[in-house]
Amino acid sequence: MKKFLFGLVVSTLLVVFAWGTAMSLSLFALDGRAEDSDGKPYPLDHLVHSFQIGVQSIPLLLSAYLDSGDLVLVQQIRENNEALNAYLKAIEKQIGNDDQKSAFAKISVAFHKLQDIINRDLKAMDDFRRLRRAYDKRSTQLLEILSPDSPSPYRNAGSYESDIHRKLQEVRLAVVKAISATQVLPCNTADQTHRKRTKQMWDAVLQHANVLIAVSGDSGDRESSLRLARAAAAAKKLAEELVVQGDELTHSWEQTLPTVQSLEVLIEPILGPKASTGANARPNE
């Protein structure tokens, strides 16, 4: 199952990456209509297949929104849910035998569960994107402050022999390591070893920053070191929050894919032999 889910996630992300825009997902736009232009009800198999397309498009739409943050995709997700609800109502009107009714009851429960999960997905994605933007901004600012090309606020930093220069180099190295290690990917829970190592790296940044404060004898240099330490602490805090929010998103996402798969399995009995024989079919003929 884990290999299946991993493969589905990778395939989904690759497809979305290849298409890239909300307009590329218009293929999955469903109107939820149960009748054709002449007012004739669509056959049951058409309704079921439309429902299946809508359900299977959910991971694609969610992945695209996580990647782009395009609010048009949120609207598409809402419209997709409305269409799926309409298809379910139309399907319910056309089923008749006990097996179909039993299957439909399970489908209804699973679909409403999926709708709740989608809402949690969207919230988790919004929170994750917000934190990632804040973390990216803070970590970028930290790198800019420490860049060798930036004007140094330290009086003696230009001397390769000075303690401040050496400590600044150590802070730079520690920051680059910590930022590189903080690769929080949504829908991919980091293992505990990686988490521990990342935390240790950010702790090392603060330790080096504190040493820099200690060697900053001049009052101006000391103030610069204090500002640097505060910036590093803020980046560390955001990195920790980003990991936690990545877990929240992963937890919600891991419920989405199995529920989509279960709906695909549950819908099959609706199109079984009894559904295709019609009301006038005679048993054992």
Practice problem: Would you mind telling me which numbered condition in (1) polar (S, T, N, Q); (2) modelled with pLDDT under 90; (3) closer than 21 Å to E264 by Cα N85 fails? | Solution: (2)
Quiz item: Is it the case that N97 is at pLDDT below 90 and not basic (K, R)?
Solution: yes
Exercise. From (1) open to solvent by 90 Å² or more (accessible area, probe 1.4 Å); (2) not in a loop (DSSP other than H, G, I, E, B), pick out the condition that doesn't hold for Q183.
Key: (2)
Practice problem: Scan region 232-256 residue by residue and report those that are over 15 Å from R133 (Cα atoms), buried (at least 16 other Cβ atoms within 10 Å of the Cβ) and of a type in the set (G, A, S). | Solution: A232, S252
Self-check item: Qualifying positions in region 77-132 - acidic (D, E) and surrounded by fewer than 21 Cβ atoms within 10 Å (Cβ to Cβ)
Solution: E79, E82, E92, D98, D99, D116, D126, D127
Exercise. Could you please give the count of residues in region 42-94 that are hydrophobic (A, V, I, L, M, F, W, C), under 17 Å from T256 (Cα atoms) and free of Cβ contacts under 8 Å to residues at least 40 places away in the same chain?
Key: 2
Quiz prompt | Test: residue in region 135-146 that is at pLDDT 90 or above, closer than 30 Å to N81 by Cα and in a helix (DSSP H, G or I) | solution = no
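The values are calculated or read from the model by the stated rules, or taken from the named source; none is laboratory data. Since this is a predicted model, take the numbers as computed values, not measurements. No Cβ is skipped: glycine too gets one built from the backbone with ideal geometry, and neighbour counts run over all protein chains shown. The area values use the complete protein model at the heavy-atom level, side chains included, leaving out ligands, DNA and RNA. Shrake-Rupley method; radii C 1.70, N 1.55, O 1.52, S 1.80 Å.
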